[in-house]
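Take a look at the structure set out below.
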């Protein structure tokens, strides 16, 4: 089913939403306190700042407020430079997620995106449907569940996106979700469609590898990690990447 994209503009900014999911999405949808007052804000265990689980008329969703990281956060906070509506981070991610859904790739279904203007700057939010029963790959690693079989599944997951030309800007163990029904990639902020190329594909994989090592995947030695995790991941990745 094709998404029915709609835009609502007001004095605060603009909301881009899927009219098939909800015929109207207002500014209050992006306020955690709105959902809290209605008993529709769900607690999170160890969730990132700026992310809330809310029970909306279209079901459980993830409400994410865009936040800067690193040193620039001290200067800009949660603000970004305005260069036009279509180039805002939430609108770009909304449309990328819509394309991933069209391609039948395992990523969150998008519901709505919003930006609010602040002179030459803007702040932003995104609402996606919650993926139920999920643990991050980082949580699986911490629980001792990252074995060769799961590593192969991760390799196949990444290859499906790479084969379609999808570049994930922050491919790490926190952005891979593991569920009883399969694996998903999340958080496509700054991601985009690219012509498939070994250069960026391998760089993407190396980013994931660094994430796993940073989280202690090689606690038993890097040789053991290579044999038990990384080589199975690469093997399945290569097999799945082939047309």
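The values are calculated or read from the model by the stated rules, or taken from the named source; none is laboratory data. Because the structure is predicted, anything quoted here is derived from the model rather than measured. In this analysis, Cβ positions are derived from the backbone assuming ideal geometry, glycine residues included, and neighbour counts consider all displayed protein chains.
Quick one: which residue in 29, 82, 35 is buried (at least 18 other Cβ atoms within 10 Å of the Cβ) and free of Cβ contacts under 8 Å to residues at least 60 places away in the same chain?
Sole residue among the options that is buried (at least 18 other Cβ atoms within 10 Å of the Cβ) and free of Cβ contacts under 8 Å to residues at least 60 places away in the same chain: 35.
Does residue 96 fit the bill of being surrounded by 17 or more Cβ atoms within 10 Å (Cβ to Cβ), on the phi < 0 side of the Ramachandran plot, touching a residue at least 60 places away in the same chain (Cβ under 8 Å) and assigned to a loop (DSSP other than H, G, I, E, B)?
Answer is no for this residue.
Go through the range 122-153 residue by residue and tally those that are within 24 Å of residue 52 (Cβ to Cβ) and in contact with a helix residue (DSSP H, G or I) (Cβ under 8 Å, 6 or more places away or on another chain).
Qualifying residue count for the region: 9.
Taking the range 1-41 on its own, how many of its residues are closer than 24 Å to residue 104 by Cα, out of contact with any helix residue (DSSP H, G or I) (no Cβ under 6 Å at 6 or more places or on another chain) and not in a strand (DSSP E or B)?
Adding up the residues that qualify gives 8.
Identify the residue in the range 138-160 that is touching a strand residue (DSSP E or B) at 6+ places or on another chain (Cβ under 7 Å) and in contact (Cβ under 8 Å) with a residue 60 or more places away in the chain and, among all such residues, is surrounded by the fewest Cβ atoms within 10 Å (Cβ to Cβ).
153
Here are the criteria: (1) buried (at least 17 other Cβ atoms within 10 Å of the Cβ); (2) assigned to a strand (DSSP E or B); (3) modelled with pLDDT of 95 or more. Tell me which single one residue 52 does not satisfy.
Residue 52 satisfies all of (1) buried (at least 17 other Cβ atoms within 10 Å of the Cβ); (2) assigned to a strand (DSSP E or B); (3) modelled with pLDDT of 95 or more except (3).
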